[in-house]
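J.: Sharing a structure, written as structure tokens. Questions coming.
Just so it is clear, none of the values below were taken in a lab; they were calculated from the coordinates. None of the values given here were measured: they were computed from a predicted structure. Using ideal geometry, Cβ is built from the backbone for each residue, glycine included, and neighbour counts are taken over all protein chains shown.
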Amino acid sequence: MPIKTRCLAVLLATTVWGPLAQAAGSIKVENALAQCVELQPGVRSTTAQAVLLQANVNVKKSIGECGCKSAIAQYTSKVEMDGYRSFLQSGAVALRESGPQTLTLTSSAQLLGDRGVVLSLGCAAPD
């Protein structure tokens, strides 16, 4: 690849993906829906102040068969610090089909830093 083309490719990549920084830290999944859904953590990244997790979801069977009242699940993220867990964020996610999901681990990257995260997945409470 010519030098000008290579420099342009690097410039374009930093322009497009520059705001996203890859965040460090382990991710432990506690999945109460494991019989129905497999959640595999992927890349953890920071954009602005939010820390996001790109996860892959494999729906093996309807989460209704795991006791949920709808196809909506709830997730909760907690940071592990000095032997205890501190709540970061929770959210809802539709689990009708397999595919990638972006989960917000925290809206404030300072709360998490490079520490490990525990991500819990379970049925959403009925409305």
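J.: Just the residues that are of a type in the set (S, T, Y) and either under 13 Å from the mean Cα position of the chain (by Cα) or over 20 Å from C36 (Cβ atoms) (or both), please, taken from the stretch 71-127.
T.: Of everything in the stretch 71-127, those that are of a type in the set (S, T, Y) and either under 13 Å from the mean Cα position of the chain (by Cα) or over 20 Å from C36 (Cβ atoms) (or both) turn out to be Y75, T76, S77, Y84, S86, S90, T102, T104, T106, S107, S108, S120.
J.: List the strands (runs of 3 or more DSSP E) that sit entirely inside the stretch 83-127 and contain at least 3 residues that are among the aliphatic types (A, V, I, L, M) and touching a residue at least 40 places away in the same chain (Cβ under 8 Å).
T.: Strands (runs of 3 or more DSSP E) meeting the threshold: 117-123.
J.: A follow-up question, please. Looking at the stretch 42-59, I want the residues that are touching a residue at least 60 places away in the same chain (Cβ under 8 Å) and have a partner that is of a type in the set (S, T, Y) and surrounded by fewer than 17 Cβ atoms within 10 Å (Cβ to Cβ) with Cβ atoms under 7 Å, at least 6 apart or on another chain. Which pairs are those?
T.: Going by the 7 Å Cβ cut-off, the qualifying pairs are Q49/S107; Q49/S108.
J.: Something else: For S77, are the conditions met, namely being touching a Lys or Arg at 6+ places or on another chain (Cβ under 9 Å), hydroxyl-bearing (S, T, Y) and part of a strand (DSSP E or B)?
T.: No: the conditions fail for S77.
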